[in-house]
Amino acid sequence: MSKTNALPVFDISNFEDYNNCMKFETNFYIRKFSDHVSENTFIEKPHGHNFYLILLITEGSGTHTIDFLEYTVFPGAMFIVSPGQIHQWHVSKDVDGYILCFTKAFFLHDFDTEKLTRFPFFNSTFSSPYFKLNALEQEDLISKYQLILKEYKNRGLNYEEMIRIFLNAMFIELTRLYPKQNENAPKFGHDLILLNRYEALVDKYFKLHRPLSCYSEKMHITVRQLSYLCKKTVGKKPSEILIDRIMLEAKRLIIHSDLSIASISETLNYNDSSYFIRLFKKATQQTPEQFRQSQFEKYTLSQDHLFPFL
């Protein structure tokens with residue numbers, strides 16, 4: 001598996017057909033998945049996005065890896081990839097479905113700033129990015145995709161607003177399905193909004209190793225309240241959420257860069273690389289080098305009937 005110093009992070013305008021097919025500024029994109037695949041096969045390595053990606057599979061098979069968790073691709077599988085997540089596909093040549101991409105700014109144009117975080121699949125790093133739809137659920141989601149696609153193509157009066165309305169309807173429908181598929185998913189609306197704020201702060205400051213009091217002060221709550229919030233919503237301590245984010249970044253650097261373990265330790269502000277190695281092993285049951293080797297072996301296994309993209 002080839003490694004580079006920087007993992008690519010794409011925006012919507014990177015898609016091959018962007019300027020020739022249904023141009024829509026840089027904030028929204030929808031297309032049949034088979035067409036999207038044929039135009040964008042050049043994107044073969046793991047990468048991130050600065051936008052949300054929603055995919056419904058109607059044909060084909062394969063795997064979809066999102067932040068080191070592998071999911072099966074099959075008709076009825078639906079995936080939601082959020083900005084910052086790292087993913088990679090290995091799918092069969094007959095794959096098809098609908099792909100939809102949008103930026104946070106596009107969706108929030110007609111809604112308040114916390115609208116997205118109220119949906120359970122957007123509000124936490126602990127949210128599952130995967131749905132398994134039955135035939136009726138799949139048909140309902142396809143109909144919503146088609147309504148959006150129609151608006152996207154026809155460009156009628158206030159079509160952008162109409163697309164956002166249909167997107168919101170799609171997300172409401174998925175919210176109804178989410179608890180059925182994620183029995184242990186948190187169900188605390190306001191608390192999840194606060195959890196999302198904490199996670200956003202963690203995402204911004206995790207390399208600085210700031211004490212929990214710095215986070216709680218920015219949230220205008222006490223450390224005790226922060227601890228109660230995290231335990232209530234996701235069953236973890238605030239410090240565990242912070243370590244999880246550090247370890248996720250460590251995994252990304254170990255796999256998707258050619259940096260040495262010592263350099264990765266420095267990048268994450270651990271001056272003592274031996275301490276970083278012990279911390280990583282405690283969290284993953286592997287040393288960083290063992291993790292790198294195991295992932296390398298995993299991704300270099302022969303998959304003659306599959307091809308990677310996106």
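None of the figures in this text is laboratory data; all of them are computed from the coordinates on show. What you see is a predicted model, and the numbers here were worked out from it, not measured in a lab.
Taking the convex hull of the alpha carbon positions in the stretch 189-299 and averaging its projected area over all directions gives 7.6 nm². Straight-distance candidates among the lysines for linking to LYS281, with alpha-carbon spacing under 17 Å and chain neighbours fewer than 8 residues away dropped: LYS251. Largest mean-square fluctuation among LEU149, LEU108, LEU56, in a Gaussian network model of the chain whose springs join Cα atoms under 10 Å apart, belongs to LEU108.
For the stretch 9-185, the equivalent ellipsoid derived from the alpha-carbon gyration tensor has semi-axes of 22, 20, 17 Å in decreasing order. Normalising the average separation of contacting C-alpha pairs (under 8 angstrom, six or more residues apart) by the number of residues puts the relative contact order of the stretch 32-84 at 38 percent. The separation of the stretch 59-85 from the stretch 202-280, counted between C-alpha centres, amounts to 26 Å. Translational diffusion of the chain, estimated by Stokes-Einstein from the Kirkwood radius over alpha carbon pairs at 37 °C in a medium of 0.692 mPa s, is 157 µm² per second. Spread over its residues, the convex hull of the C-alpha atoms of the stretch 70-148 is 125 Å³ per residue.
Legend: distances between Cα atoms for LYS32/LYS236; LYS104/LYS180; LYS104/LYS153; LYS207/LYS237; LYS115/LYS144; pairs beyond 28 Å are LYS32/LYS236.
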